[in-house]
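Everything on this sheet refers to the single structure shown next.
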Amino acid sequence: MHEKLVIVPRKKSTVKKVLNMLWFVLACVSFVLAMFVPIIFLIPAVIFAALWYFQSFRGDIEYEYTYFDGEFRFAKIKAKRKRKGLGMVSMEDVITIAPKGDRSVYKYENDSNLTYKDLTSGDSGAKVYELVFKGEKGINRYEIEPDEDMLDEVMVKYPRIVIK
């Protein structure tokens, strides 16, 4: 049994991209103006530069999916430094893994009582799968983007659960 690992980077929203450019431009303009009037513009320049730094370099989010020996593990990685475990799902509890919009998961997609987590990149062209399983508080649904190798590895031991 091999361990399969998939890392999916989260796509930045348009608002974050615009704010990132805004902080950068304001920092540059403030630093230029601080050369002439340092008393007024130096503190705002440092603040805008810090905002730009934190938004552009520390705001990156990636999701990690790991499948090994009958269990999925999910983690969130911030800024390629901080890793936070989001949960573990045993394949014994999994109801189905199917593409988003498939008829087998239709009733779970429209049920507002389910616990739902979006662990995808946010890219419109990505192949999104839904992982439906029994959790501690009832049925849960995760949206994930596994690759073909990971799905093939799951199908070796659990062929009835995975729908491609």
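Suppose R0 equals 25 Å. What FRET efficiency, 1/(1 + (r/R0)^6) with r the Cβ-Cβ distance, do residue 127 and residue 22 give to the nearest 0.05?
Computed FRET efficiency for residue 127 and residue 22 comes out at 0.15.
Could you put 109, 145 in order, starting from the residue whose Cβ has the fewest other Cβ atoms within 10 Å?
Fewest-to-most Cβ neighbours within 10 Å comes out as 109, 145.
For volume of the Cα convex hull per residue in Å³, the choices are (i) 102; (ii) 117; (iii) 142; which was calculated from the structure?
(iii)
Rank these for me by crowding, 106, 142, going from fewest to most other beta carbons within 10 Å.
If I rank by nearby Cβ atoms, fewest first, I get 106, 142.
Grab the DSSP H runs of the chain that are 4 residues or longer, score each as -39,500 (n - 2.57), total them, divide by all residues and round the 222 nm result to the nearest 500 deg cm²/dmol.
Result for the chain, helices only: -11500 deg cm²/dmol.
Determine the distance separating the Cα centre of segment 95-147 from the Cα centre of segment 1-55; give it in Å without decimals.
34 Å
Answer rounded, prolate or oblate for segment 77-164, using the Cα gyration tensor with square roots of eigenvalues a ≥ b ≥ c: rounded when a/c is under 1.5, else prolate when a/b is larger than b/c, else oblate.
Here segment 77-164 falls in the rounded category.
By Kyte-Doolittle mean hydropathy of at least 0.0 and Cα axial length of at least 18 Å, which whole DSSP H helices of the chain are selected?
14-36, 38-57
Every number in this text was worked out from the coordinates using simple rules, so none of it is lab data. Just so we're clear, the structure is a prediction, and the values are computed from it rather than from any experiment. Methodologically, a virtual Cβ is constructed for each residue, glycine included, from the backbone with ideal geometry; neighbour enumeration extends over all protein chains shown.
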